[in-house]
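Just below is one structure, and these are the notes that go with it.
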Amino acid sequence: MNSLQKQIRKTFFQTLEDLKTKGNFETFLKDFLSEEELEVFTNRLVTAYWLKKGRTTKNIKANLKASLT
């Protein structure tokens, strides 16, 4: 990753940190991501969360009704 890419990433993370409230964060994500991207992103997050909590991939797949790769 070059210097510009590092600065862009740093700015992106700072933007997320500055959002402060759930409402601001939700608005940002809805404006920033397409509906499909938001669905993929939230499914990835919930999958990681559930795996950390000890759920099986089979259980998660059944709950999300999607394939896990």
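The values are calculated or read from the model by the stated rules, or taken from the named source; none is laboratory data. Source: prediction; values computed, not measured. As a convention, Cβ positions derive from the backbone with ideal geometry for all residues, glycine included, and neighbour counts pool all protein chains shown. Heavy atoms of the whole protein, side chains included, go into the accessibility calculation; ligands, DNA and RNA do not. Shrake-Rupley method; radii C 1.70, N 1.55, O 1.52, S 1.80 Å.
Using a 1.4 angstrom probe, figure out how much accessible area the chain has per residue, in square angstrom, rounded to the nearest whole. Walk me through the numbers on the way to the answer.
On the way: 6190 Å² over 69 residues.
Heavy-atom accessible area per residue stands at 90 Å².
Quick one: net charge of GLU37's neighbours, Cβ under 13 Å, K/R +1, D/E -1?
Numbers: positive: LYS30, ARG44; negative: ASP31, GLU35, GLU36, GLU39.
Net charge around GLU37: -2.
To the nearest 0.05, how large is the calculated FRET efficiency for VAL46 and GLN5 if R₀ is 35 Å and r is the Cβ-Cβ distance? Could you put the intermediate results ahead of the total?
Details: r = 28 Å, r/R0 = 0.81.
With a Förster radius of 35 Å, E is 0.80.
Semi-axes of the equivalent ellipsoid of the range 2-50: what are they in whole Å, largest first, if each equals the square root of 5 times a C-alpha gyration tensor eigenvalue?
Details: eigenvalues 90, 45, 27 Å².
Gyration-tensor ellipsoid for the range 2-50: 21, 15, 12 Å.
Can you send over the carbon and sulfur percentage of the accessible area for the chain, probe radius 1.4 Å, protein chains only? Please list the in-between numbers first.
Details: 3440 of 6190 Å².
In the chain, the share of accessible area belonging to carbon and sulfur is 56 percent.
Here is the link list: LYS10/LYS30; LYS22/LYS53; LYS20/LYS52; LYS6/LYS65; LYS10/LYS61; LYS6/LYS58. Which ones come out longer than 28 Å on Cα distance?
Numbers: LYS10/LYS30 21 Å; LYS22/LYS53 23 Å; LYS20/LYS52 25 Å; LYS6/LYS65 36 Å; LYS10/LYS61 34 Å; LYS6/LYS58 37 Å.
Violating the 28 Å Cα-Cα cut-off are LYS6/LYS65; LYS10/LYS61; LYS6/LYS58.
Hey, in the GNM for the chain with a 10 angstrom Cα cutoff, which one of LEU29, LEU38, LEU51 fluctuates hardest?
LEU51
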